[in-house]
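Below is one structure, written out as structure tokens; comments come after it.
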Amino acid sequence: MSAAAHAAESLRERFRFLGTATGAIGFFLLLLVLAIAALGPFFAPHSPTEPIGVPFERPSAEAPLGYDVLGRDVLSRVLWGGRSVLALAGLATLLAYAAGGLAGLVAGYSRSLVDPIIMRGADVLISFPALLFILVLITGAGTSKAALVAGVAIVQAPLVARILRTATLEQSVRGFVEAAVARGEGTFAVLRREILPNVVSPIAADFGLRFTYSVILVASVNFFGLGLQPPDADWALIISENRDGLTLNPWVILVPAGLIATLTISLNLLGDSVARALGRSRAGVLA
Amino acid sequence: MTEAAAALAVNGLTVSLAGGEPIVEDVSLAVAPGAVLGLVGESGSGKTTTALALLGFCRPGVRVVAGEITVAGETMSGLGEAAARRLRGRLVSYVPQDPESSLNPALRIRRAIQDMLDEHAAARELSTVEEALESVHLPATGAFAERYPHQLSGGQQQRVTIAVALVCEPPLVVLDEPTTGLDVVTQARILAEIERLRRERSLAMVYVSHDLAVVSQVADRIAVMYAGRIVEEGPTAAVLGEPRHPYTHGLVASIPDYARRRSLRGIPGVAPGPGDRPRGCAFAPRCPLKVERCELELPELEEVGGGRRARCFEWRRTSALVTEARKEARTGAWEAGPLLAVESLSAEHGRGHARVVAAHQVTFTLARGECVALVGESGSGKTTIARAVAGLHAPSSGRILLEDVALASKARKRPKEARRRLQLVFQNPYDSLNPRHRVRDAVSRPAVVLRDLPRRKAEAEVGELLERVRLPARLANRFPDELSGGERQRVAIARALAARPDVLVCDEITSALDVSVQAAVLELLGELRVELGLALLFISHDLGVVAAIADRVLVLEQGVVREEAPVEALLTHSEDEYTRRLLEAAPRLPVRSAAS
């Protein structure tokens, strides 16, 4: 097989999850939500913060989704409001992977006291109710985006550490790892070269779930008014501010709630199909 | 033997993958009551698929597309799952390969046997659980029947699965590699058990195995499968003594036998998988007797005399193929001064109360260019010793010296030069290569780490190293899962050679390979010894393999050296009782006689 054919083959392999219905639907929905969040502001007909109409007025030609509690255009606010939740949740998830991933790798590979110390610490963190932990942290540190991101990351990191520790433990007894140890390679080199590439699959399968959870946490905190502050446009904040107007203009709640739901559902579908595709390529069709 | 009287008759069986690629093609077999048919082949030959089809079963994604299977006059083929299940156990039963995973760990063995009885209670007057246990020489006590599978040894577990298979007294039993994974002494006992049961009950059996030597001990007739088809079939002694098909010949020549030391000949190349089998004879690409016709037409399974059939145009020429006696790599004394010395090495597993002694006061030396073998059953400590030498297992006492310099117990604490000179090849080639690294990365790495070569230079050597282990240089771009087991093990050897070692520690490196591949790997090691002056520390449980390669042998039992002797002396007139027991238990081919 030529190098080019090889590259094409491995690319096909990598995107095989798209071949399934769940994978394709999840991918399409995620793309849709990401496009709305990223490109929405360019298409917003009005300012997201200027009141221009009657509060909770129903949809009209001027405002296709009606007006919110302060008489701002709901469509414009929704188009602006996806960036923050996605960026904050994404950043928090990445941070959780960096910290938790490193801890899990080290814990899983070390045969010493390091492992129980790291993992019992993780257990302590996991034992706090997630939302309560973040709210306490924000109350102490003051309301800021940084505190929100840090809180979500701290809640997620021990869960990531657990998954990576198990995966690392499994890999660290394999022959190629022992071969590297017998060559005298350092711990860092063994982790990076031998183990990390082999634990990418469980990470990839887990990422969707983790990201979903971050979105929910960020949205929840924003809903409580402890994350982003008015007049920022944010899907969760929009739901929170306009609770009273549900009967007057239901669109102001339904649309952002629907977008958050679509985002989490698409990530779940995608994560699920990636996990399945990886599982299949591992086991092979016939022994 | 008439069709009606046969315990098993298979006609034109073809089994395919869902995509249409055939796994098994046009297989016809017959087994008389009380006879044992050995179904032999290497991995991917379709023998297990055939065996499962005899039970009216196919693995997911596989289906029977043609053929008729009759067991004791009743048709097994073309039945629905429910109908086939009613016949299974009563008409035909199955003894699986791995008893540990086939017995439900949550069920007591009484339950396992009773389930089978309950399923077919209406069929006839049946024996009890205790009688079933007694029939396979297990203690027929209530207490024993109350045990869980994990409380039994591997040999006992396999006896239980045999008891389950026999309790409903079916006329036919299919045994799928029933002794693979058991040590030789246990294997010999199980084989004797099978032979006794067959005699006493006049059971018909289909014995599936990759191991010709084992099959030759139990089977009356042998059918050899290659790439989904039967290539040769006939009486055991005749097929093995005077093979008519070149593949059978190659297979027989690959089998190590401690009593007849000869150089093993591997079969070059690999067997084609389903979907890429050639139009003509599937063995043609690897065949020494190939003529033009072989690639164009598929030979029929034709009568070749003496109640035998072979699928080869050129079968008359097969007997001209010869095997050679083993060439000694070197004779006479080894160079003065040992290269590697192990002095009173002791090693343990676990700590505290769970501590197990794996090696006790083991002492031996290895000279430059010499091959010393450590032989023993599983649990004898041979692998622990190899790992201690490689710096992967810290010994509890004793020293390891490389040219009179004591080595640290951990590889990382050893000087780079010592790590370079001592290389390890692992047992399982499916595990010892990182699935995410291309062959090029795997093979070039030791040169980068241990010889301080820049990466580019190290990679430039890869092609040469691959050719040295008789692999095409283009494999450098492949990932391990694109290679066969034999190819992977060669890559692992090439990786070890990249460090330019003086000592190669080989830990059961052929035990996961098919015999024809094993022979080829052993052949390669023999050549490398001569070319590079490598010293080998060769770990194996197989005396036949050891006979083919070693100069000197240490026999280990539970971590203690029972005997140390030159290979010839040890194999022919050992004084040690344990060694003799190992030798007697080792399965061997019947001594070649003029079969006619």
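Using a cut-off of 11 Å between beta-carbons, work out the net charge of the residues near residue B:559 (Lys and Arg +1, Asp and Glu -1, residue B:559 not included).
0
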Fill in: Dipole axis of the protein assembly as shown (+1 Lys, Arg; -1 Asp, Glu on Cβ), positive-most option in B:473, B:522, B:207
B:473
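Identify the trypsin sites (Lys or Arg not before Pro) of the stretch B:332-404 meeting these criteria: DSSP loop state and at most 14 other C-beta atoms within 10 Å of the C-beta.
Working: sites: B:351, B:355, B:368, B:382, B:387, B:399; in loops: B:351, B:355, B:368.
Within the stretch B:332-404, the qualifying trypsin sites (Lys or Arg not before Pro) (loop, at most 14 other Cβ atoms within 10 Å) are B:351, B:355.
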Item to complete: Name the residues whose placed amide hydrogens come within less than 5 Å of the amide hydrogen of residue B:562, ignoring near sequence neighbours (fewer than 5 apart) on the same chain.
Response: B:555, B:556, B:557
Practice prompt. Would you mind getting me the FRET efficiency between residue B:11 and residue B:106? Use the beta-carbon distance for r and R0 = 56 Å, nearest 0.05.
Written response: 0.85
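If R0 is 25 Å, what FRET efficiency do you get for residue A:224 and residue A:248 from their C-beta distance, rounded to 0.05?
Computed FRET efficiency for residue A:224 and residue A:248 comes out at 0.60.
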Fill in: Cα-centred dipole magnitude for the stretch A:37-286, charges only on beta-carbon of K, R (+1) and D, E (-1), debye, nearest 20
900
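Indicate, rounded to the nearest 5 percent, the antiparallel portion of the DSSP beta bridges found entirely in chain B.
Here the share of antiparallel DSSP bridges comes out near 55 percent.
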Discussion item. Once R0 is set to 60 Å, what does the formula 1/(1 + (r/R0)^6) return for the Cβ-Cβ distance between residue B:413 and residue A:135, expressed as a FRET efficiency to the nearest 0.05?
Written reply: 0.75
Discussion item. As a test, work out the antiparallel percent of DSSP beta bridges whose residues both lie in the protein assembly as shown, rounded to the nearest 5.
Written reply: 55
Worksheet item: Which net charge results when you count Lys and Arg as +1 and Asp and Glu as -1 among the other residues whose beta-carbon is under 11 Å from that of residue B:48?
Response: 0
Worksheet item: Ordered by residue, what ³J(HN,Hα) values in Hz, to whole numbers, does the stretch A:208-213 give under the Karplus form 6.51 cos²θ - 1.76 cosθ + 1.60, where θ = phi - 60° and Gly and Pro are x?
Response: x, 4, 4, 5, 4, 4
Worksheet item: How long, wide and thick is chain A, going by the Cα atoms along their three principal axes, in whole angstroms, largest first?
Response: 74, 51, 27
Worksheet entry | Residue-count net charge about residue B:78 - beta-carbon cut-off 14 Å; Lys, Arg +1, Asp, Glu -1 | -2
Worksheet item: How much length is gained on full extension from residue B:66 to residue B:404, taking 0.36 nm per residue of separation minus their Cα-Cα distance?
Response: 114.9 nm
Practice prompt. Sort out the exposed loop GluC sites (Glu not before Pro) in chain B (DSSP loop, at most 16 other Cβ within 10 Å) and tell me the longest stretch that has none.
Written response: B:404-574
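Please report, in cubic angstrom per residue, the volume enclosed by the convex hull of the alpha-carbon atoms of the protein assembly as shown.
Details: hull volume 196.3 nm³, N = 883.
So the per-residue hull volume is 222 Å³.
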Worksheet item: Any idea how far apart residue B:79 and residue B:584 come out in nm if each label point goes 7 Å out from Cα toward Cβ?
Response: 4.3
Item to complete: Please report the relative contact order for the stretch A:152-209, taking Cα pairs under 8 Å with a sequence separation of at least 6, and give it as a percent rounded to a whole number.
Response: 40
Discussion item. Compute the angle between helix B:154-166 and the longest alpha-carbon principal axis of chain B, please, reported from 0 to 90 degrees and rounded to the nearest 10.
Written reply: 10
Worksheet item: Placing +1 at every Lys and Arg Cβ and -1 at every Asp and Glu Cβ, with all other atoms neutral, what dipole size does chain B have around its Cα centre, in debye to the nearest 20?
Response: 1840
Item to complete: Could you check the simple spin-label distance between residue B:467 and residue A:261, using points 7 Å along Cα→Cβ, in nm with one decimal?
Response: 6.7
Worksheet item: Which value in nm describes the separation of the simple spin-label points at residue B:260 and residue B:577, placed 7 Å from the Cα toward the beta carbon?
Response: 3.2
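Each value in this text was obtained by applying a stated rule to the coordinates, not by laboratory testing. Keep in mind that what you see is a predicted model, and the values were worked out from it rather than measured. All Cβ positions, even for glycine, are placed from backbone atoms using ideal geometry, and neighbour counts span all protein chains on display.
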